[in-house]
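The values are calculated or read from the model by the stated rules, or taken from the named source; none is laboratory data. The shown structure was predicted, so the numbers you read here are calculated from the model rather than taken from an experiment. All Cβ positions, glycine included, derive from the backbone under ideal geometry; neighbour counts span all protein chains shown.
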Amino acid sequence: MNEFSRIETFLEAFSRRPSPAGPGDDAAVLPASGRVQVVTTDSLVEGVHFSRRTFRFSDVGHKALAVNLSDIAAMGARPTWALCALQLPEDVSTSDLRQLSSGMSALASAHGVSLVGGNVARSLQLSITVTLAGEIPKGRRPITRGGARPGHVVYVSGPLGSASAGLEALTDGKREVSKKGPVTVDKAWEALVLAQRTPSPHVRWGLEASRFVSAGIDVSDGLLADLGHVCVASGVGMALETGALPVLEALLSFAESEKLVHTHALTGGEDYVLAVTVPKTRAAAFERHMARLGHGAFPIGVVTKARELTVDGQRWRGGTGFQHFT
Ligand SMILES: [Mg+2]
């Protein structure tokens, strides 16, 4: 397979848009919509974010786009187009590449994202970098981290701690069921593994919440770490209640103690749920609006004047989340 046939193979799963949107020319040509644009980029690197033992190629393709969709969702934007740069080791076969691309294209089409260009390079490690753009609906503003004020209510869009428990299930030899191929685990923990391998970014939730929120972020590195960024940007603190943290049944059965459930929920990375703050006067209308659309909105605490993050009234002792470089 030469470079061009690799590109063709990867593009097969994507429905091609006629020019001028690309791909196929030296650069993508994009129509200007007159709306506010947001752009983000993120990489998925073998050995850092996934291993071929615990992920199928389709999972890798899905997740490479999902992590970017989550950032676009956190801005309250609607995703539009993507660029994809692939670093491929020689041992990635045509069928592996097809799986990778079908995992990504299925999620792209579910969210109306067009792949407008990219690059393929030979590499020692499999790595996928996606650049994703989105636009802010007319009459709205992007959700940023700086608008939380004392008294605002803190909400999350879905269960916490699932993905980190899923990773633990996949990598802890004692929990493993099959020794061959991608690892499988006990049925009871399948929901956790799904959250780790194929997260569902809350794009619609972010778009709807943007009518009400004062600040927001996606939970990628761990709830405390990510809310910490909101606190710093807004010059506030937060008081969270562990009893209010939404978690899956599967996490309760997986973690061996309540303390471990809370540790996953507060510090586990990669959940790709959204965390937002809503002014108290808007909170009831926000909850009603989200309920009407069938979206969960879970209040987990309040914004405080004191610039510290507390959990059940105390400072959290222990790590707050994932960092690449420490
Ligand atoms: Mg983010």
Report summary line: Within segment 46-74, the residues that are more than 12 Å from the chain's Cα centre (by Cα), among the aliphatic types (A, V, I, L, M) and either surrounded by 16 or more Cβ atoms within 10 Å (Cβ to Cβ) or at positive phi (or both) are V60
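Here's the yes/no breakdown for (1) of a type in the set (A, V, I, L, M); (2) part of a helix (DSSP H, G or I); (3) at positive phi:
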site	(1), (2), (3)
Q196	no, yes, no
S200	no, no, no
W205	no, yes, no
D218	no, no, no
A233	yes, yes, no
P246	no, no, no
A275	yes, no, no
F286	no, yes, no
Query raised in the report: So which pairs qualify, if the first residue must be in segment 59-82 and assigned by TED's automatic domain parsing to the domain that holds E46 and closer than 13 Å to I136 by Cα, the second must be near the ligand (Cβ under 9 Å from one of its atoms) and hydrophobic (A, V, I, L, M, F, W, C), the Cβ gap must be under 6 Å, and the two must be at least 6 apart or on different chains?
Result: A74/I217
Report summary line: Of the residues in segment 39-81, those that are in contact with a Leu (Cβ under 9 Å, 6 or more places away or on another chain) and within 16 Å of the ligand (Cβ to nearest atom) number 20
Query raised in the report: Failed condition for A110, given (1) in contact (Cβ under 8 Å) with a residue 40 or more places away in the chain; (2) more than 15 Å from the ligand (Cβ to nearest atom); (3) among the aliphatic types (A, V, I, L, M), with all others met?
Result: (1)
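So if I check each of A82, A27, which one is of a type outside the set (S, T, N, Q) and buried (at least 17 other Cβ atoms within 10 Å of the Cβ)?
On the way: A27 fails: buried (at least 17 other Cβ atoms within 10 Å of the Cβ).
Going through A82, A27 in turn, the sole match is A82.
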Report task. Could you check how many residues of segment 177-190 are modelled with pLDDT under 60 and either within 15 Å of S51 (Cα to Cα) or touching a Pro at 6+ places or on another chain (Cβ under 9 Å) (or both)? Result -> 1
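Evaluate the following for V203: is it surrounded by fewer than 16 Cβ atoms within 10 Å (Cβ to Cβ), within 16 Å of the ligand (Cβ to nearest atom), under 22 Å from S70 (Cα atoms) and not assigned by TED's automatic domain parsing to the domain that holds S33? Don't jump to the end; show me each part of the working.
Values: surrounded by fewer than 16 Cβ atoms within 10 Å (Cβ to Cβ): no; within 16 Å of the ligand (Cβ to nearest atom): yes; under 22 Å from S70 (Cα atoms): yes; not assigned by TED's automatic domain parsing to the domain that holds S33: yes.
No; evaluated as a whole, the condition is false for this residue.
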Query - Number of the exception - S214 against (1) out of contact with any Leu (no Cβ under 7 Å at 6 or more places or on another chain); (2) within 16 Å of the ligand (Cβ to nearest atom); (3) of a type in the set (S, T, Y) - result: (2)
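Within segment 288-319, restricting attention to residues that are buried (at least 17 other Cβ atoms within 10 Å of the Cβ) and assigned to a loop (DSSP other than H, G, I, E, B), which residue is modelled with the lowest pLDDT?
If we take residues in segment 288-319 being buried (at least 17 other Cβ atoms within 10 Å of the Cβ) and assigned to a loop (DSSP other than H, G, I, E, B), then W316 is modelled with the lowest pLDDT.
Can you work out which of the residues in segment 85-103 that are among the hydroxyl-bearing types (S, T, Y), surrounded by fewer than 20 Cβ atoms within 10 Å (Cβ to Cβ) and assigned to a helix (DSSP H, G or I) is nearest to the ligand (Cβ to nearest atom)?
Restricting attention to segment 85-103, the residues satisfying the condition of being among the hydroxyl-bearing types (S, T, Y) are 93-95, 101-102.
Add one more test, that the residue is surrounded by fewer than 20 Cβ atoms within 10 Å (Cβ to Cβ), and what stays is 93-95, 102.
From the residues that got through so far, the ones that are assigned to a helix (DSSP H, G or I) too are 94-95, 102.
Details: T94: 34, S95: 33, S102: 26 Å.
Top of the filtered list is S102.
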